[in-house]
Amino acid sequence: MRFRELLAVNALSIVGNGCLVVQPIVVGALVDHLGYTERQAGFVASVELAGLAVAFVLLFAVAHRINRSVLAYAGIATVVIANIAACFIHQFVYMALVQFVVGMGCSMSFAAYLTIGAAEEHPENLFAIVNAVSIAYSGLFLPIAPAIVAAWQLPGVFLTLVAIAIVASATIRWLPAAPPQQAAPAHLSKGLRSPVPLLSAHVIMVLLMMLFLYTGHGAVWAYQERIGVSLGMPSSVVGKWLGASMLIWGVIGSMLARVLGMRLGRIWPQTLSLGISIIAALLLVFGTTPAIFAFACGLIALSWFYGLPYQMGLLAEYDRRGRLNMIGTTMTTSGCALGPAIAAVLVGSVGHWTVGVLAGACYLAGLILVLPAAIELARGSPALKQVAAEG
């Protein structure tokens, strides 16, 4: 992939991930500046990600056939218009509705990136690079977001997202105008080239894994800022820790996946990433000091973004048109929408510690679900053996 194309793909990913990146700051600002309850703020975050999921469902059958530039421009225009509208909204119901539209716009931008990534010969490599860039963006944005909120409140955050989307639109002209030919790549195994059902039992288990995984991620991410504040840390300090965890540990995790490639196969990356996630989630809510909180934030970012390229690459190995990656992202966004909603109920009734328990249980379920597919590919995929030999 040429540098300009890689730049454009990264720009689309940044816009597509925009609503998720700012969630902890927006949730806190809704509580502190607009007087929402933590439960209401959690539901707004959930509805926004529901918009992502709904749009992915609508795009599933057509995204790989649509001119990528058209899809990307439509997504960015939706993000810009909806975020500008959000600057003038204060009521809970209307804020939830406009954030639903923001989520739909983000999904269109992200879908254009997914159709490109899934078609790569070694999709894990591109996913790792794009993830690292997106995480670095998160790490740079999160520390300054509290200052933006303090100076301009929520409209400052929304308009910053507008500016980022407009800048990203300048790179869209570097994308291929149409998807590549849909013939299966030659390096795929015979079984994957043959006309097998798209949704086999193992694929369905992987998709369910991504739902559970991001239910846990969504619950933790939406309330991570509030958990830090509950330990007596100022919101600005928590924002810096979240940003540092993404910028340092998230990038390390993603680039570790890029460097290692398939040297550890497909089983160990899943086991390590999900196992560390369980430990991190419990440390986050049962730790009693800012130091433990900071360490848990780092572990969460490391495990999250070390495992993600392998999870996306696993789906791409079953389908190079990007359809399974589209479904997978639908599952992740559904999980990210479901997680804050469940956490909102639990936090309002019991307390923040339930967020970590919920996430840990989701990660454990995800590990059980993903292992059969990882074992299947590790044992029978010529593509895997080829990559291992090249490494």
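The values are calculated or read from the model by the stated rules, or taken from the named source; none is laboratory data. Predicted, not measured: the structure shown is a model, and the values here were computed from it. Don't worry about glycine lacking a Cβ; one is built from the backbone with ideal geometry, like all the others, and counts go over all protein chains shown.
Couple of notes before you dig in:
- One residue from Ile204, Ile166, Ile172 being crowded, with 18+ Cβ neighbours inside 10 Å and at pLDDT 65 or above: Ile172
- Cross-chain or 6+ apart pairs with Cβ under 7 Å, segment 26-55 first and farther than 18 Å from Leu142 by Cα, then part of a helix (DSSP H, G or I) and of a type in the set (Phe, Trp, Tyr): Tyr36/Phe92; Gln40/Phe92; Val47/Phe100; Glu48/Phe100; Ala50/Phe100; Gly51/Phe100
- Criterion applied to Leu264, Leu314, Leu324, Leu256 was being farther than 30 Å from Ile148 by Cα and without any contact (Cβ under 8 Å) to a residue 40 or more places away in the chain, and the one residue passing it is Leu264.
- Hey, Phe305 under 16 Å from Pro123 (Cα atoms) and among the aromatic types (Phe, Trp, Tyr) or not: yes
- For segment 56-83, the set of residues classified as small (Gly, Ala, Ser), under 21 Å from Ala96 (Cβ atoms) and in contact (Cβ under 8 Å) with a residue 40 or more places away in the chain consists of Gly75 only.
- The set of residues from segment 265-280 being over 20 Å from Gly239 (Cβ atoms) and either over 16 Å from the mean Cα position of the chain (by Cα) or surrounded by fewer than 17 Cβ atoms within 10 Å (Cβ to Cβ) (or both) comprises Gly265, Arg266, Ile267, Trp268, Pro269, Gln270, Thr271, Leu272, Gly275, Ile276, Ile278, Ile279.
- Of everything listed in (1) on the phi > 0 side of the Ramachandran plot; (2) buried (at least 24 other Cβ atoms within 10 Å of the Cβ), the single unmet condition for Gly261 is (2).
- Of all residues in segment 323-338, none satisfies being more than 20 Å from the chain's Cα centre (by Cα) and either charged (D, E, K, R) or surrounded by fewer than 18 Cβ atoms within 10 Å (Cβ to Cβ) (or both).
- Any hit, segment 305-318, residues being assigned to a helix (DSSP H, G or I) and over 23 Å from Gly261 (Cβ atoms): no
- Where Ala294 falls short, out of the listed (1) aliphatic (A, V, I, L, M); (2) under 13 Å from Ser245 (Cα atoms); (3) within 16 Å of the chain's Cα centre (by Cα); (4) surrounded by fewer than 24 Cβ atoms within 10 Å (Cβ to Cβ): (3)
- Per this entry, Phe92 is not counted among residues that are aromatic (Phe, Trp, Tyr), closer than 23 Å to Arg320 by Cβ and at pLDDT 85 or above.
- Where helices (runs of 4 or more DSSP H) sit wholly within segment 1-69, those with at least 2 residues that are of a type in the set (D, E, K, R) occupy 3-16, 38-59.
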